[in-house]
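Student: Have a look at this one before I ask anything.
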Amino acid sequence: MARTYPEYDYDLAEGLFQELSNLGVSVLAERLSGQFGKQSELQNFFLEYGNDLAKQVLSAGKKYKDRTCEVMEEVAQKTGLVFPSIPQRYIEVWLLATRPQDKWKLLESTPKRLVFAVNECSLYQLIKKKVPSDISLPCRHACLTVLEGIYQGLGLSVKVALLNDMERDGKCCFSSEIAN
């Protein structure tokens, strides 16, 4: 349905969701069905998944620009401040399009640092069901790789870290800091 005032439409485009649907957690469940037994196999799987996801998130995010993105880009052009708003938009695209049922929140957003936490993670829940219990948090490789890929794709030098993890702390908390 067309909006009466499209200049005030800040929703993500439906096409963006469709373009990223092949990388959602529900699709990933099929690829994880008992085929991994070693930590290194899972690590490689999630590194590859994270790389693919970062590339497709950047591509779809650039192709389907909503009004929020347009405003952020205008502000970045005028102020020279790309971080954290532009990467944050791509992180939101990643999470909303591939893991819409997850619960996450932004904890810190400054021109030098971006921190967010995922409290309820569908990817972690999937892994608990599909992966041997002696393999510890292999999904961290995907999340960290997606973040690194987004920053690299945007031409930003950013250090990414996992501050808390789901197994120890009940949530994953990711920090991104501008590298000096």
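Student: Just rank Cys173, Cys139, fewest to most, by other beta-carbon atoms within 10 angstrom.
Tutor: On the way: Cys173 19, Cys139 23.
Exposure proxy ranking, most exposed first: Cys173, Cys139.
Student: Express in % the proportion of alpha carbon pairs of the chain at distances exceeding 24 Å.
Tutor: Values: 6113 of 16110 pairs.
That fraction is 38 percent.
Student: Moving on. Suppose each label sits 7 Å from its Cα in the direction of the beta carbon; what would the Leu156-Lys55 distance come out to in nanometres?
Tutor: 2.2
Student: Please give the calculated 222 nm ellipticity per residue for the chain, where each DSSP H segment of at least 4 residues contributes -39500 (n - 2.57) and the sum is spread over every residue; nearest 500 deg cm²/dmol? Show your work: numbers first, answer last.
Tutor: Working: 8 runs with 93 residues, N = 180.
Using -39500 (n - 2.57) per qualifying helix, the result is -16000 deg cm²/dmol.
Student: Just order 161-168, 106-113 by mean Cβ neighbour count inside 10 Å, highest at the front, would you? Write down the numbers at each step before the final one.
Tutor: Details: 161-168: 14.6, 106-113: 13.0.
Taking the mean over residues of other Cβ atoms within 10 Å, the ranking is 161-168, 106-113.
Student: To continue, here is another question. So how tilted is helix 85-98 from the main axis of the chain? Cα-based, degrees 0 to 90, rounded to 10.
Tutor: That works out to roughly 50 degrees.
Student: Continuing with the same structure: Please give the contour-minus-distance gain from Gln77 to Asn44: 0.36 nm per residue of separation, less the Cα-Cα distance, rounded to one decimal in nm.
Tutor: On the way: separation 33, 0.36 × 33 = 11.88 nm, distance 3.74 nm.
That pair, Gln77 and Asn44, stretches by 8.1 nm at full extension.
Student: Straight-line reach from Lys55: which lysines fall under 17 Å, measuring Cα to Cα and dropping same-chain residues less than 8 apart?
Tutor: Filter leaves Lys63, Lys65.
Computed from the coordinates by the stated procedures, all read-outs in this text should not be read as laboratory data. From a predicted model like this one, the values you see are computed outputs, not experimental measurements. Note: ideal-geometry Cβ built from the backbone for every residue, glycine included; neighbour counts use all protein chains shown.
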